[in-house]
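Asker: Structure below; questions to follow.
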Ligand SMILES: Nc1nc2c(c(=O)[nH]1)N[C@H]1C(S)=C(S)[C@@H](COP(=O)(O)OP(=O)(O)OC[C@H]3O[C@@H](n4cnc5c(=O)[nH]c(N)nc54)[C@H](O)[C@@H]3O)O[C@H]1N2
Ligand SMILES: Nc1nc2c(c(=O)[nH]1)N[C@H]1C(S)=C(S)[C@@H](COP(=O)(O)OP(=O)(O)OC[C@H]3O[C@@H](n4cnc5c(=O)[nH]c(N)nc54)[C@H](O)[C@@H]3O)O[C@H]1N2
Ligand code: SF4
Ligand SMILES: [Mo]
């Protein structure tokens, strides 16, 4: 058996012939990437180790990296890795090396941390509905989620049921829903509060799961007219949505975009509170990664060594603090705000960049040292999903190329002469310890290929607090750039099959060649008119390239309340052919 390890809700499972399994959780179908993985596996691969563009043997590259590591202080080393591959031995376990040597880690906040923390603050966990819970709902609300593209098996459950979408534009999910509400970017917290006010007033609210008296006190501080003007919907529209919520009691899918917008964690938390206020248990879904009891800390060794951390959205703006940047499982030049600064730091000779990737990512292409990685089709690993309750033991279906993360980590430890129990522990033993609370073992996984696990913790009652005060919430002023998933790409991946996508920015107002300017700088873009609200600009997050630069190069996120970066950016458009650029 083998699971697709890409950063995706679905974590599709395939049989030994690489056909999507017919039963749970994949139901015999997969996406346009899943269907092309075997072909993609042969294209654009890093075929050897490279140093300064020259092919070298792996030992030579490893000894060069260790020399570089020995020559700097631990706090001058930064490692950046993310969810290019969700395997426990690919993403998590190799971080042990860096934690043992005392290098600086990121806080892994680029995607979903903010929303996790916002929801946890109310429920003690961000774990929400399981697929089997979802099946029981007769309706769904997709709130800041382009599920039609980003979550195809979740969408499958609701395809023929009643669907409501709340978005800042008529997304594909909105178009395929029975009802859609287009609101001002970042105003989700205001809308959630307006709904709760109506639930209380109309007697829709139930006292079973939340303290309604306290809720009443908290929402009283908000004026309905102010909430409506923040959201940019009429009172009738919001009342209609409240009625639909009370009638259908839908499962609410809270998209990750919510956490990366204004009021991020507060919005996610307040949206997650809505089902509880209506008396619906486990009525939301965000990400279940924290609910299986997998001990990620043990895998990374952070139970012993707690690293200094750097906000992931701020990495590129703090490169002067580092001399060595070690990257795996991530393509930060494209996907991190200000990512182009990595290229500049490498070109200036101030930063040594080492990249371990199976493919020639944009970051691998500019690295001083490149180490060829093995893909998920080529190595054994244990994979979990942030949606469904299955652990999968990946058995390779393609001959191995490159080196695995564990092999590289071991080679570096040896070369550095490190001898620590965390580094000496067998990786499979470490996985066994890390999954001890799930009720299965590596041995059982190996035997069965896939094992259903029980949630370790599920939300029950919800606390009204931390309820924000009106002063704590805010809204963007100008034009806002928003992002979403493209069906043929996962973040920056899959250009091998579907081609590179230059930055095309969709706008309700502008058309033609021009520039996009944000706090981090300016890039040339093509603007295409689309059916979008005046203040919303839209780009697929797979189209972040603009010549040598990226859309992310102009973004400089602030931290939201719970520590995650706000990636939706306030930007300006400057049209090239206008004498007085429209700003
Ligand atoms: N095909 C495909 N699937 C993917 C991915 C991919 O790249 N391609 N990426 C994976 C990853 S890493 C992630 S994080 C998830 C992301 O999946 P989702 O959580 O679905 O997030 P997005 O697709 O980024 O955007 C969701 C929607 O949020 C809207 N939006 C933006 N800002 C706001 C706001 O302030 N309020 C509201 N209400 N809506 C807003 C956008 O217009 C968009 O329609 O998908 C995963 N699945
Ligand atoms: N402005 C803006 N920026 C964003 C977003 C946005 O909405 N707006 N979205 C953000 C989100 S949600 C996310 S999750 C991040 C994603 O950011 P990244 O994690 O950088 O995303 P990917 O493009 O998926 O890059 C993953 C890399 O891992 C590599 N890889 C795949 N498998 C393996 C493996 O087995 N081993 C190793 N060593 N490498 C492997 C791939 O080849 C690829 O280069 O981007 C974020 N960036
Ligand atoms: S990218 Fe997502 S939907 Fe596509 S095969 Fe992988 S897990 Fe399935
Ligand atoms: Mo993500």
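Where a number appears in this text, it was derived from the coordinates with a stated rule and is not lab data. Every value quoted in this text rests on a predicted model; they were computed, and no experiment measured them. All Cβ positions, glycine included, derive from the backbone under ideal geometry; neighbour counts span all protein chains shown.
Asker: Kirkwood Rh over Cα pairs of the stretch 479-575 into Stokes-Einstein at 37 °C, 0.692 mPa s: D in µm²/s?
Answerer: Working: Rh = 13.7 Å.
Estimated diffusion coefficient is 240 µm²/s.
Asker: Next question, about the same structure. If neighbour count is taken as other Cβ atoms inside 10 Å, put 168, 210 in order from fewest to most.
Answerer: Ascending number of Cβ neighbours within 10 Å: 210, 168.
Asker: Still on this structure, please answer the following. Once both axes come from the Cα atoms, what is the angle between helix 235-248 and the longest principal axis of the chain, in degrees from 0 to 90, rounded to 10?
Answerer: Tilt of helix 235-248: around 70 degrees.
Asker: Also: Using Cα-only point scatterers and the Debye equation, what is log10 of I(q)/I(0) for the chain at each q in 0.08 Å⁻¹, rounded to two decimals?
Answerer: Each listed q corresponds, in turn, to -0.54.
Asker: If you don't mind, another one. Taking the 0 to 90 degree range and rounding to the nearest ten, how far is the long axis of helix 264-277 tilted relative to the main principal axis of the chain, both from C-alpha atoms?
Answerer: Around 50 degrees separate the two axes.
Asker: Please find the FRET efficiency linking residue 447 to residue 44, where r is the Cβ-Cβ separation and R0 is fixed at 56 Å, and quote it to the nearest 0.05. The partial results should precede the final answer.
Answerer: On the way: r = 35 Å, r/R0 = 0.63.
The calculated FRET efficiency here is 0.95.
Asker: Can you work out D for the stretch 251-300 in µm² s⁻¹ from Stokes-Einstein, where Rh is the Kirkwood radius over C-alpha pairs, the temperature is 10 °C and the viscosity is 1.306 mPa s? Mind showing how you got there, number by number?
Answerer: Numbers: Rh = 12.2 Å.
Value of D from the Cα-based Kirkwood radius: 130 µm²/s.
Asker: Using only Cα atoms, figure out Rg for the stretch 227-325 and give it as a multiple of 2.2 N^0.38 Å. Write out the running numbers ahead of the final one.
Answerer: Numbers: Rg = 19.7 Å, N = 99, 2.2 N^0.38 = 12.6 Å.
Against the empirical 2.2 N^0.38 Å value, I get 1.56 for the stretch 227-325.
Asker: If you count the DSSP beta bridges with both ends in the chain, what percent of them are antiparallel, to the nearest 5?
Answerer: Numbers: 36 of 80 bridges.
If I count the DSSP bridges inside the chain, around 45 percent turn out antiparallel.
Asker: Roughly how many whole Å is it from the C-alpha centroid of the stretch 238-274 to that of the stretch 33-66?
Answerer: Rounded to whole Å, the Cα centres lie 43 Å apart.
Asker: What value does the stretch 113-286 have for Rg/Rh, both radii from Cα atoms and Rh as Kirkwood defines it? All intermediate terms of the calculation are to be shown ahead of the outcome.
Answerer: Numbers: Rg = 14.5 Å, Rh = 15.7 Å.
My calculation of the ratio gives 0.92.
Asker: Turning to a different aspect of this structure: Once a ≥ b ≥ c are taken as the square roots of the eigenvalues of the Cα gyration tensor of the stretch 405-488, is the result rounded (a/c under 1.5), prolate (a/b larger than b/c) or oblate (a/b not larger than b/c)?
Answerer: Prolate shape, in that a/c is at least 1.5 and a/b is the bigger ratio.
Asker: When a/c reaches 1.5 or more, the comparison of a/b and b/c decides; with that in mind, is the stretch 446-519 rounded, prolate or oblate per its Cα gyration tensor? Before the final figure, lay out each step's value.
Answerer: Numbers: a/c = 4.36, a/b = 1.19, b/c = 3.66.
Since a/c reaches 1.5 but b/c is at least a/b, the shape of the stretch 446-519 is classed as oblate.
Asker: A further question follows. Helix 58-70 against the longest principal axis of the chain: what's the angle in degrees, Cα atoms only, rounded to the nearest 10?
Answerer: Once rounded, one gets 70 degrees.
Asker: Multiply the residue separation of residue 419 and residue 22 by 0.36 nm, subtract the distance between their alpha-carbon atoms, and state the gained length in nm to one decimal.
Answerer: Details: separation 397, 0.36 × 397 = 142.92 nm, distance 4.62 nm.
Between residue 419 and residue 22, full extension yields an extra 138.3 nm.
Asker: How much mean residue ellipticity at 222 nm does the chain get from its helices, if each DSSP H run of length 4 or more adds -39500 (n - 2.57) and you divide by all residues, to the nearest 500 deg cm²/dmol?
Answerer: Values: 22 runs with 171 residues, N = 583.
The helix contribution divided over the chain gives -8000 deg cm²/dmol.
Asker: Right, another one. Which of rounded, prolate, oblate describes the stretch 154-236, given a ≥ b ≥ c as roots of the alpha-carbon gyration tensor eigenvalues and a/c under 1.5 marking rounded, otherwise prolate only if a/b is larger than b/c? Write down the numbers at each step before the final one.
Answerer: Values: a/c = 2.68, a/b = 1.45, b/c = 1.84.
Oblate is the answer for the stretch 154-236, as a/c is 1.5 or above yet b/c matches or exceeds a/b.
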